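Asks: Can you keep this structure in mind? I'll have questions shortly.
The values are calculated or read from the model by the stated rules, or taken from the named source; none is laboratory data. Please read all numbers here as calculations on a predicted model, not as lab measurements. Ideal geometry is used to build each Cβ from the backbone, glycine not excepted, and the neighbour counts take in all protein chains shown. These area figures cover heavy atoms from the full protein model, side chains too; ligands, DNA and RNA do not enter into them. Shrake-Rupley method; radii C 1.70, N 1.55, O 1.52, S 1.80 Å.
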Amino acid sequence: MAVSDHVDLETFMAGVTKRNPGQTEFIQAVHEVAQDIFEFMQDKVHYHEAQILRRMAEPDRVISFRVCWEDDNHNIRVQRGWRVQNNNAIGPYKGGIRFHPSVTESVLKFLAFEQTFKNSLTGLPMGGGKGGANFNPRGKSDAEVMRFCQSFMSELYRHIGPNTDVPAGDIGVGGREIGYMFGQYKRLTNRWEGVLTGKGQEYGGSQMRPEATGYGAVYFLRNMLRHRGMDVEGHTAVISGSGNVATHAAEKITQLGGKVLTMSDSGGFIHDPDGIDQEKIDWIKHLKTVKRGRISEYSDHFTNASFHEGKRPWDVPCDLALPCATQNELNEDEARELVANGVKGVSEGANMPTTLQGVKIFHDAKIMYGPGKAANAGGVAVSGLEMSQNSERISWNSERLGEMLTDLMEGIHGKCTEYGEQEGGYVDYVKGANIAGFKKVADAMLAFGVV
Ligand code: NDP
């Protein structure tokens, strides 16, 4: 069959849209990837004939289940939980669990699809999955969170396993939640095995895992800057979020001689013109993970800082921008403002934080732009290393893991430049990540035949 006989991008996307009604985040994520892959597949008839992209954009399975739990006032609460197992061509499904009221099947399908490419880019044997529930841990007592996690795991446990599917944390799921879920898995199965990553270090968690996503996003940024003869040192950075990824990104920027100006949460952002140094970052970590407070409290404590209620930080002039909160948190106008204010590099700690139109603004302005699927892959990469350590019953020290993380991020950057370098030296990191991530999974799928 001639290549020209195959469907074009428009027809392909019309099919995706029709088959996934109302799933805007998922359609957006597939569209972003399909644009590059259609170009790449132009002269590669075997991928078309085997319907590889169509198969990747149809999850292997979507498991949806009821999660019942009792709150402290003895009310029975009902939530919905999911696990999306997108693709396991190159390894067990792997991807985080998100607890947030905004979680829907569309959000988890987009995340599982993206995860497939990200995990492929790391070079480690991991397929793509994602899960979660529309549960809001904010304002809940520890006992309520525990009961929810136990109920969630009472269904999930039958779908996961160290060689099947290995979930991790994500928004709203940190060390506390992983602990409760691992405890319940162990109770139900009577097996101690590496079925979750991001575990506490007392029970099989890897050193460097909490830091890995944020540090990795900064290493990726440093690789992009170095590729153009620059470095992090002496540059100002605007960061959104104040969770796991954001605080560790801030920490690494500071360690490398940069100055962090902002952090945020869903209530607004704080701007500290003096810079958010290590002591202040530690204060934020304590505020968010122990006190479970709001970022607005920062400006009460550090009085040179200002709090901007309900706003996002992208109009603060900076050299570097790191969106580390959530999807679609940086739109076209905000991207334009960043460019007008002279931003040099953008590295995404979060997944798909920039809208498609925002990404176009960065590309048109030839800004160094590292998409989440490449820039935040350090987290899942160290999760992959946690799986290896659990299987071998060993643990590596943080120095060794730090070196491995630096090498992994350099490797991912190299793959992006291999497929993304354009005439004149500009690197289209989205294209590079999409093609490199796609090729490995696609070739594995071809080897399996029609399954
Ligand atoms: P956390 O729950 O630790 O922190 C999330 C942060 O984002 C909080 O500050 C939260 O504020 C803020 N946030 C959440 N939703 C919104 C919203 N709608 N508007 C504004 N701010 C919001 O999550 P992580 O740091 O783990 O995850 C952040 C991002 O990084 C996500 O996109 C996640 O998918 C991605 N990621 C995480 C990895 C990891 O290893 N943890 C790995 C790879 C990607 P508030 O307190 O108000 O909710």
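Asks: Could you identify the single residue in Ile284, Ile295 that is within 11 Å of the ligand (Cβ to nearest atom), in a loop (DSSP other than H, G, I, E, B) and hydrophobic (A, V, I, L, M, F, W, C)?
Replies: Ile295
Asks: Among (1) within 16 Å of the ligand (Cβ to nearest atom); (2) among the acidic types (Asp, Glu); (3) surrounded by fewer than 19 Cβ atoms within 10 Å (Cβ to Cβ), there is one condition Glu144 misses while meeting the rest; what is its number?
Replies: So the condition that Glu144 fails would be (1).
Asks: Shifting gears a bit: Checking Gln389 against (1) surrounded by fewer than 24 Cβ atoms within 10 Å (Cβ to Cβ); (2) among the polar types (S, T, N, Q); (3) touching a helix residue (DSSP H, G or I) at 6+ places or on another chain (Cβ under 8 Å); (4) over 21 Å from Thr326 (Cβ atoms), which test does it fail?
Replies: Condition not satisfied by Gln389: (3).
Asks: Working only within segment 85-136, note down all residues that are touching a helix residue (DSSP H, G or I) at 6+ places or on another chain (Cβ under 7 Å) and charged (D, E, K, R).
Replies: Lys94, Lys109, Glu114, Lys118, Lys130
Asks: Go through (1) modelled with pLDDT of 95 or more; (2) out of contact with any Gly (no Cβ under 9 Å at 6 or more places or on another chain) one by one and return the number of the condition Ala321 breaks.
Replies: Failing condition for Ala321: (2).
Asks: One residue is enough: does segment 223-244 have a residue meeting the conditions in contact with a Ser or Thr (Cβ under 6 Å, 6 or more places away or on another chain), assigned to a helix (DSSP H, G or I) and within 15 Å of the ligand (Cβ to nearest atom)?
Replies: Checked segment 223-244: no residue is in contact with a Ser or Thr (Cβ under 6 Å, 6 or more places away or on another chain), assigned to a helix (DSSP H, G or I) and within 15 Å of the ligand (Cβ to nearest atom).
Asks: I'm trying to understand the selection: among the residues of segment 299-313, which are within 12 Å of the ligand (Cβ to nearest atom) and surrounded by 11 or more Cβ atoms within 10 Å (Cβ to Cβ)?
Replies: Within segment 299-313, Lys311, Arg312, Pro313 meet the criteria.
Asks: Please tell me if Glu423 is open to solvent by 60 Å² or more (accessible area, probe 1.4 Å) and either touching a helix residue (DSSP H, G or I) at 6+ places or on another chain (Cβ under 6 Å) or at pLDDT below 95 (or both).
Replies: Considered against the rule, which asks whether it is open to solvent by 60 Å² or more (accessible area, probe 1.4 Å) and either touching a helix residue (DSSP H, G or I) at 6+ places or on another chain (Cβ under 6 Å) or at pLDDT below 95 (or both), Glu423 comes out as yes.
Asks: Enumerate the pairs (first residue in segment 257-279 and at positive phi; second residue anywhere and away from the ligand (no atom under 16 Å from the Cβ) and assigned to a strand (DSSP E or B)) with beta-carbon separation below 6 Å, excluding pairs fewer than 6 apart on the same chain, so at least 6 apart or on different chains.
Replies: Here the result reads Gly275/Lys259, each pair linking segment 257-279 to a residue that is away from the ligand (no atom under 16 Å from the Cβ) and assigned to a strand (DSSP E or B).
Asks: Which of the numbered conditions does Phe99 fail, given that it passes all the others? Conditions: (1) farther than 26 Å from Met13 by Cβ; (2) open to solvent by 20 Å² or more (accessible area, probe 1.4 Å).
Replies: (2)
Asks: State whether one or more residues within segment 71-93 are within 14 Å of the ligand (Cβ to nearest atom) and either among the charged types (D, E, K, R) or modelled with pLDDT under 95 (or both).
Replies: no
Asks: Follow-up. Within segment 335-362, how many residues are more than 21 Å from the chain's Cα centre (by Cα) and open to solvent by less than 50 Å² (accessible area, probe 1.4 Å)?
Replies: Total satisfying the criteria: 5.
Asks: I'm told Leu111 meets every condition in (1) assigned to a helix (DSSP H, G or I); (2) open to solvent by 10 Å² or more (accessible area, probe 1.4 Å) except one. Can you identify the failing condition by its number?
Replies: (2)
Asks: Can you pull out every residue in segment 364-378 that is in contact (Cβ under 8 Å) with a residue 24 or more places away in the chain and either touching a Gly at 6+ places or on another chain (Cβ under 6 Å) or farther than 15 Å from Pro323 by Cβ (or both)?
Replies: Ala365, Lys366, Met368, Asn376, Ala377, Gly378
Asks: May I pose another question? Going through segment 45-77 one residue at a time, which ones are open to solvent by less than 80 Å² (accessible area, probe 1.4 Å), acidic (Asp, Glu) and under 25 Å from Gly91 (Cα atoms)?
Replies: The answer is Asp60, and nothing else.
Asks: For segment 163-181, check the following and say yes or no: at least one residue is more than 16 Å from the ligand (Cβ to nearest atom) and out of contact with any strand residue (DSSP E or B) (no Cβ under 9 Å at 6 or more places or on another chain). Before you say what the answer is, go through the steps one by one.
Replies: Residues of segment 163-181 more than 16 Å from the ligand (Cβ to nearest atom): 163-165.
Keeping just the survivors that are out of contact with any strand residue (DSSP E or B) (no Cβ under 9 Å at 6 or more places or on another chain) gives 163.
Yes; the residues of segment 163-181 include at least one that is more than 16 Å from the ligand (Cβ to nearest atom) and out of contact with any strand residue (DSSP E or B) (no Cβ under 9 Å at 6 or more places or on another chain).
Asks: I would also like to ask the following. Starting from residues that are outside any strand (DSSP E or B) and closer than 18 Å to Ser64 by Cα, keep the ones in segment 160-177 and report whichever is most open to solvent (accessible area, probe 1.4 Å).
Replies: Thr164
Asks: Do we have Thr247 as β-branched (Val, Ile, Thr), over 21 Å from Arg66 (Cα atoms), in contact (Cβ under 8 Å) with a residue 40 or more places away in the chain and assigned to a helix (DSSP H, G or I) here?
Replies: For Thr247, the condition - β-branched (Val, Ile, Thr), over 21 Å from Arg66 (Cα atoms), in contact (Cβ under 8 Å) with a residue 40 or more places away in the chain and assigned to a helix (DSSP H, G or I) - is met.
Asks: Checking Glu329 against (1) modelled with pLDDT of 95 or more; (2) in contact with an Asp or Glu (Cβ under 8 Å, 6 or more places away or on another chain): exactly one of these is not met. Which one?
Replies: (2)
Asks: Restricting to segment 258-289, and then to whatever is among the small types (Gly, Ala, Ser) and over 11 Å from Ala237 (Cα atoms), can you tell me which residue is most open to solvent (accessible area, probe 1.4 Å)?
Replies: Here the answer is Ser266.
Asks: Looking for whichever is more than 21 Å from Gly129 (Cα to Cα) and modelled with pLDDT of 95 or more here; the options are Met56, Met13. Which one fits?
Replies: Sole residue among the options that is more than 21 Å from Gly129 (Cα to Cα) and modelled with pLDDT of 95 or more: Met13.
Asks: Restricting to segment 191-218, give me the number of residues that are surrounded by fewer than 24 Cβ atoms within 10 Å (Cβ to Cβ) and away from the ligand (no atom under 14 Å from the Cβ).
Replies: The number of residues fulfilling the criteria is 10.
Asks: For a quick check of your reading of the model, give me the residue pairs whose first member lies in segment 342-363 and is more than 16 Å from Phe110 (Cα to Cα), whose second is at pLDDT below 95 and surrounded by 24 or more Cβ atoms within 10 Å (Cβ to Cβ), with beta-carbon atoms closer than 8 Å and at least 6 apart or on different chains.
Replies: Correct list of pairs: empty, since none qualify.
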